[in-house]
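One structure below.
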2 protein chains.
Amino acid sequence: MNTATSESFCQSGPVKSNAVLVDGMYLNGPTLDIRAAEKFVQEALTLILDEGVRKTADVREKVCDWHPPEELKQMLDLDLKENGETHAKILQRCRDAIRYSVKTGHPRFFNQLYAGLDPYSLVGRLLTETINPSLYTYEVAPVFVLTEEAVLKKMIEFLGWEEGGDGIFSPGGSVSNMYAVNVARYHCCPDIKEQGLSAMPRLVLFTSKECHYSVAKAAGFLGIGTKNVYVVSSDQRGKMIPAELEKQVLRAKAEGAQPFMVNATSGTTVLGAFDPLEEIADICERHKLWLHVDACWGGGALLSRKHRHLLQGIQRANSVAWNPHKMLMAGLQCCAFMVRDKTGLLQRCHSARASYLFQRDKFYDISYDTGDKSIQCSRKPDAFKFWLMWKAVGTHGLEERVNRAVAMARYLAEEIKKREGFRLLMEPEYANVCFWYIPPSLRKMPENREFWDKIHKVAPVIKERMMKKGSMMVGYQPHGDRANFFRQIVISPQVSREDMDFVLNEIEELGKDL
Amino acid sequence: MNTATSESFCQSGPVKSNAVLVDGMYLNGPTLDIRAAEKFVQEALTLILDEGVRKTADVREKVCDWHPPEELKQMLDLDLKENGETHAKILQRCRDAIRYSVKTGHPRFFNQLYAGLDPYSLVGRLLTETINPSLYTYEVAPVFVLTEEAVLKKMIEFLGWEEGGDGIFSPGGSVSNMYAVNVARYHCCPDIKEQGLSAMPRLVLFTSKECHYSVAKAAGFLGIGTKNVYVVSSDQRGKMIPAELEKQVLRAKAEGAQPFMVNATSGTTVLGAFDPLEEIADICERHKLWLHVDACWGGGALLSRKHRHLLQGIQRANSVAWNPHKMLMAGLQCCAFMVRDKTGLLQRCHSARASYLFQRDKFYDISYDTGDKSIQCSRKPDAFKFWLMWKAVGTHGLEERVNRAVAMARYLAEEIKKREGFRLLMEPEYANVCFWYIPPSLRKMPENREFWDKIHKVAPVIKERMMKKGSMMVGYQPHGDRANFFRQIVISPQVSREDMDFVLNEIEELGKDL
């Protein structure tokens, strides 16, 4: 009956004898021909795997076929119209979408804190997209409720919480950090959930200036106010200075405010720094503050016997955010928020007890209806892909990846030290390698304000050139009073030592005339 | 080098001559064999399409192969171990995951406000899962930034906002409603972002008692307090009573509180009711209140020339939440939050201006770096699958689906009225059909308290029986002082008129002895 689509899976044809006319529509059998649909999906998949997996892994292919927004808009013909398009046209759209996208799985994509393509996780994702479950109750998502539970249990083991804990997957580390602020606040003043903040004392939380910007977003969103995030100084390596934290806590108290939480970071976004958790935990204990650890990026190190010392003290945290979609390559999104509490705090803090969804008179154990711990209603089964990948490669396989990524960063840092015109900001402890490139024209200059102003303009130009060439993607940023520098991130086992050499050669090549 | 995995894609072999030893690891070429990986993914996909698409569409297959939590845990062998598993074992895990999952694409899954499987949207999802982009900047997600913009523009057109607007996709309608509360609050008192609520007057928002529970969750999470959600009475059909709204607004003002927002619902969760938007908008204008419309479920009707009258007045809303993953079958999640404001309110309200991500010195038009409008950092490209599906079926195709779903609901309602032992709660306006089943043993009883107490126990037992049999899934719930009733939702074009007859026959069959 759908006459609008040039080529649909509609089984319209003549009206069958058993059809019923309702409200102007003939109703009988299904209008979707599932076999034709399956054939089309299969065809599209062949294309997606070819363009999106095989070609993406090929260093000779571009990381991105770059076009500026207004131009790309025209090329993609984005407008949505009355009538549908043919399958050939839709397949061409898929091909174009891949072609003009950034290949985050390309071995020379080093731009974010995630990269690469794990085939097992990918299979997990394709499975859940096909099944299309929502994770609020056991009734509608039995497998995904249980795999989430199993993954959280194992992650909690790696946090060293011997008594166990509780947790939930969330759509992003920023949301996990919001959970932390809300749970810490509820723990401190449970009345706020009902009464709100308007009659409450001013609540203050503490974090280092190197923390992720989501802490400020959380304070704004949750009604705490961004000014009530007290920023603690960091040392040269980007680690929070415990004595400065204590000063800020005392300052807040002297002002008559109510301190309630410290956010420590394990693996800062830019420098990859790890805050000293044991000393921070001591201060939290002394002042009865909730300790949240944002280990979204650094949490992966917990799987490495060689590097887990970076998070020493995390066993004392009250809550932790950890994103396996970053270092562990589980695919976006895969973000766990965990609390050491075992009294149902997470549930009490967020529950609304909707009677249409969380019925009390169900026939099974409703403690498996975990959705009311969440601020979401529909929720994707983000733990499953990680569970499947972990099953496939084992803890040893994950550990090996982390060790290799950190070793790769170490290799790059050593090469930078050897090369003229490259300068390391600091020795990496983890997988962030931060460095400046100094073009030949500036190498003899005295390192004064003018020098750094010029250096500041180098990285943006090199970035523009690499994007337009499509050869690789590396991020850059200013940082405090430091001029723009590159931040190179290594994660994927598809990245080779030769790619590290390529990065330095390519930067030199793209920037030597500056 | 990964010796832990029984069967991995690792190209370990002998150490190559150009390898470098760093930190105990030999580094040379990639350790992932992408061709072997692609082959594995292809193999898994064949299985997923067969089990997850073809079989799922077959009414002779079970909607769910049900097992209680503790039993299923044992069957799935969930523990994560040191060593990896063989590919054969991983494929078996995929098969099991599908087998024991609820098939939300099955023609007899009527349990939630989403269902069915659209092949075009599925292809869009498989594509983005493969590409694995994150949607914060144009630089890393050019195609997905532009498709999100195109979809929002078109959806805003259907809202009737002639001057346009702004928007963002979010991970769920609940999060969209949180956005609404935060933007409305910021609009009313922009200082709250920085200063927080502690020194502010008590803010109050209004919603009907039929609204989604996420409004209460938002009030708790955002520090407003659940008690400051003033609940407005609804009429027998579940629609907000405008006069009652005005009473509550006056009450809040008399108490010295500050009213700032009304949440109206277009398509309530249980009854499928549409609040009278024009009259509510009049009251909002009179009292200068932000009008948010939660059209997560009902928004789909905007695409139908026959049914869009249900949302008459939505053109006057200040913000709207609308989930195309529900009636329009775009796949979880696909949730738009839109504001009529065009001055950058959404950006100002949520931005944190992270300098490592939203650099000001980029070489392209950074107004396309839309991520700072969001409370998330990493964000999935949820608009793309909807865009691709819309391209494939056209506006006409989407309209036809909505019309057919509503006609199917109408058919079911008429059948219910004809059958002994079935009783409709009310005539459906949309796709929610709410009804009681009265077993033969109760049909002669006077309809007193005892009668309704008995009726209350009927639906849970029938639900248990249908789950264990796997024949279909229909939700039930109590509602106010109404005893448990069934709520049947029709969405998918794979559902046939015969499936409607089946639902009634099956309920009778499962419940006739009660």
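The values are calculated or read from the model by the stated rules, or taken from the named source; none is laboratory data. Not measured: the values here are computed from a predicted model. Every residue, glycine as well, gets a Cβ built from its backbone with ideal geometry; the counts of neighbours run over all protein chains shown. Only protein heavy atoms, including side chains, enter the accessible area calculation; ligands, DNA and RNA are left aside. Shrake-Rupley method; radii C 1.70, N 1.55, O 1.52, S 1.80 Å.
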Where residue A:319 falls short, out of the listed (1) open to solvent by less than 10 Å² (accessible area, probe 1.4 Å); (2) within 30 Å of residue A:476 (Cα to Cα); (3) of a type in the set (Ser, Thr, Tyr): (2)
Which numbered condition residue B:420 fails, given (1) part of a helix (DSSP H, G or I); (2) without any contact (Cβ under 8 Å) to a residue 24 or more places away in the chain: (1)
Leading residue by the ranking (farthest from the other protein chains (Cβ to nearest Cβ)) among those in the range A:274-309 that are within 27 Å of residue A:199 (Cβ to Cβ) and in contact (Cβ under 8 Å) with a residue 60 or more places away in the chain: A:289
Only listed residue being modelled with pLDDT under 85 and open to solvent by less than 20 Å² (accessible area, probe 1.4 Å), chosen from A:4, A:44: A:4
Pick from the range B:148-162, criterion surrounded by fewer than 24 Cβ atoms within 10 Å (Cβ to Cβ) and closer than 28 Å to residue A:473 by Cβ, ranking: nearest to the other protein chains (Cβ to nearest Cβ): B:150
Given (1) touching a residue at least 12 places away in the same chain (Cβ under 8 Å); (2) more than 14 Å from chain B (Cβ to nearest Cβ), index of the condition residue A:449 fails: (1)
Given (1) surrounded by fewer than 17 Cβ atoms within 10 Å (Cβ to Cβ); (2) over 17 Å from residue B:423 (Cα atoms), number of the condition residue B:445 does not satisfy: (2)
Pair list, Cβ < 9 Å and 6+ apart or interchain, from the range B:348-366 residues that are over 21 Å from residue A:458 (Cβ atoms) to residues that are open to solvent by 60 Å² or more (accessible area, probe 1.4 Å): B:348/B:190; B:349/B:187; B:349/B:190; B:353/B:360; B:365/A:70
Residue A:99, sole failed condition from (1) open to solvent by 10 Å² or more (accessible area, probe 1.4 Å); (2) facing another protein chain (nearest Cβ under 7 Å): (2)
Test for residue B:271: is it buried (at least 22 other Cβ atoms within 10 Å of the Cβ) and either in a loop (DSSP other than H, G, I, E, B) or free of Cβ contacts under 8 Å to residues at least 40 places away in the same chain (or both): yes
Count - residues of the range A:455-478 that are at the interface with another protein chain (Cβ under 7 Å from one of its Cβ atoms) and open to solvent by 10 Å² or more (accessible area, probe 1.4 Å): 3
Selection from the range B:163-212 of residues that are among the hydroxyl-bearing types (Ser, Thr, Tyr), surrounded by fewer than 24 Cβ atoms within 10 Å (Cβ to Cβ) and modelled with pLDDT of 95 or more: B:186
Residues located in the range B:420-452, provided they are touching an Asp or Glu at 6+ places or on another chain (Cβ under 8 Å) and either at pLDDT below 95 or among the basic types (Lys, Arg) (or both): B:443
Total residues in the range A:14-25, condition modelled with pLDDT of 90 or more and more than 7 Å from chain B (Cβ to nearest Cβ): 1
Conditions (1) open to solvent by less than 10 Å² (accessible area, probe 1.4 Å); (2) over 21 Å from residue B:218 (Cβ atoms); (3) assigned to a helix (DSSP H, G or I); number of the one not met by residue A:371: (2)
Failed criterion for residue A:133 (all others in (1) open to solvent by 10 Å² or more (accessible area, probe 1.4 Å); (2) modelled with pLDDT of 95 or more; (3) closer than 30 Å to residue B:93 by Cβ hold): (1)
From A:139, A:61, A:85, residue being open to solvent by 10 Å² or more (accessible area, probe 1.4 Å), in contact with a Lys or Arg (Cβ under 8 Å, 6 or more places away or on another chain) and under 30 Å from residue A:401 (Cα atoms): A:61
Condition met for residue B:110 (more than 7 Å from every other protein chain (Cβ to nearest Cβ), open to solvent by less than 10 Å² (accessible area, probe 1.4 Å) and touching a residue at least 12 places away in the same chain (Cβ under 8 Å)): yes
Among the candidates A:393, A:339, A:433, A:402, residue that is at the interface with another protein chain (Cβ under 9 Å from one of its Cβ atoms) and open to solvent by less than 10 Å² (accessible area, probe 1.4 Å): A:393
Residue A:408 more than 30 Å from residue B:224 (Cβ to Cβ) and either more than 7 Å from every other protein chain (Cβ to nearest Cβ) or touching a Gly at 6+ places or on another chain (Cβ under 6 Å) (or both): no
Pairs where the first residue, in the range B:78-93, is more than 7 Å from chain A (Cβ to nearest Cβ) and the second is at pLDDT below 95 and open to solvent by 60 Å² or more (accessible area, probe 1.4 Å), C-beta under 6 Å, 6+ apart: B:86/B:6; B:86/B:7; B:87/B:7
Within the range B:137-244, strands (runs of 3 or more DSSP E) holding 1 or more residues that are hydroxyl-bearing (Ser, Thr, Tyr) and under 19 Å from residue A:375 (Cβ atoms): B:166-170, B:203-208
